[in-house]
Amino acid sequence: MNAKQIIILIGPPGSGKGTQAEMLADKFGLFNFETSKIIEEKFKNADSSDKVITAEKENWKSGKLVTPRLVFEWIIDRVKELASEGKGIVFSGSPRTLFEVENELPIFEELYGRENIRALNIKLTEEESVKRNSKRRICEKNRHPIPNFPEFENIEKCPKDGSPIITRFLDNAETIKIRYQTYLEETEPVLAFLKEKGYEVIEVNGEQPIEKVFEDILTDANLQM
Ligand SMILES: [Zn+2]
């Protein structure tokens, strides 16, 4: 597999795309591009007297999306760095809006080549999204997602770094429903856009065990070492 490539995972909250991205990153030595991490860092370090950023932060905390232009700028800066280092990337939080994909795709194509960009859609119903997210947990140190599967139910420390497990404040049923609706309205059009541009969007059933989803991704996207 060509090391310098881009894999884009798109799916609703709870589809496990973050976990799959991490697994792909590990297997193929790709950079796991976590847009949410970049956004969280930006807000964490934000000047509280900055009214624009403060308003964005409030929106984001209530489950809405950050203004696309802002996210776009943060993302592109990082992607350019990675491309210049010759690193491949797996995305699981971007492109998240039509605005993003319209603006990002030409830059991705220029930096990585169209033939090295793959897109996958991990599918999940709203019902399953709410069910999974109401119990969703992450580790404190590196925000590793702790999947909502029986084998992880009783763990109290992150299997990867030993840090405590915390529950995200976003995860109540109403917020999850807003996020799911936001996904349908804002993110699903990204898939249509990619198809329009001639990309094959590979569909994967997200309502399966983690390992099985991963297997499907490798097979259906024809990803090999
Ligand atoms: Zn961790």
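The dipole here belongs to the chain: it is taken about the Cα centre, uses +1 on the Cβ of Lys and Arg and -1 on the Cβ of Asp and Glu, and is about 460 debye. Treating r as the C-beta distance of ASN222 and TYR199 and R0 as 25 Å, the FRET efficiency rounds to 0.95.
Using helices alone, what [θ] at 222 nm do you get for the chain, with -39,500 (n - 2.57) per DSSP H run of 4 or more residues, divided over all residues and rounded to the nearest 500? Kindly include the intermediate steps, with their values, before the conclusion.
Numbers: 9 runs with 103 residues, N = 225.
Result for the chain: -14000 deg cm²/dmol, rounded to the nearest 500.
Ranked by the mean number of other Cβ atoms within 10 Å per residue, highest first, peptides 6-15, 42-51, 157-166 order as 6-15, 157-166, 42-51.
For the cross-link pairs LYS37/LYS197; LYS17/LYS212; LYS123/LYS157, which exceed 23 Å when the distance is taken from alpha carbon to alpha carbon?
Beyond 23 Å between Cα atoms: LYS37/LYS197; LYS123/LYS157.
Considering only PRO106, PHE152, PHE72, the residue lying farthest towards the positive end of the dipole of the chain is PHE152, judged by Cα position with unit charges set on Cβ. For the chain, build the charge dipole from Cβ charges (+1 Lys, Arg; -1 Asp, Glu) around the Cα centre, then report which of TYR199, LEU223, LEU184 sits farthest towards its positive end. Projecting each Cα onto the dipole axis, the largest value belongs to LEU184. Inter-label distance, GLU109 to SER49: 4.5 nm, where each label sits 7 Å from its Cα along the C-beta direction. Inter-label distance, ASN172 to LYS123: 3.3 nm, where each label sits 7 Å from its Cα along the C-beta direction. Here the calculated FRET efficiency for GLU40 and PHE149, from their Cβ-Cβ distance with R0 = 30 Å, stands at 0.75, rounded to the nearest 0.05.
In whole percent, and with a 1.4 Å probe on the protein chains, what portion of the accessible area of the stretch 70-225 is carbon and sulfur? Mind showing how you got there, number by number?
Working: 3900 of 8290 Å².
Reported share for carbon and sulfur atoms: 47 percent.
The values are calculated or read from the model by the stated rules, or taken from the named source; none is laboratory data. Please read these numbers as outputs of a predicted model, since none were measured by experiment. Because the Cβ atoms are built from the backbone with ideal geometry, glycine has one as well, and the counts that use them run over all protein chains shown. Areas reflect the complete protein model, heavy atoms only, side chains present, ligands, DNA and RNA absent. Shrake-Rupley method; radii C 1.70, N 1.55, O 1.52, S 1.80 Å.
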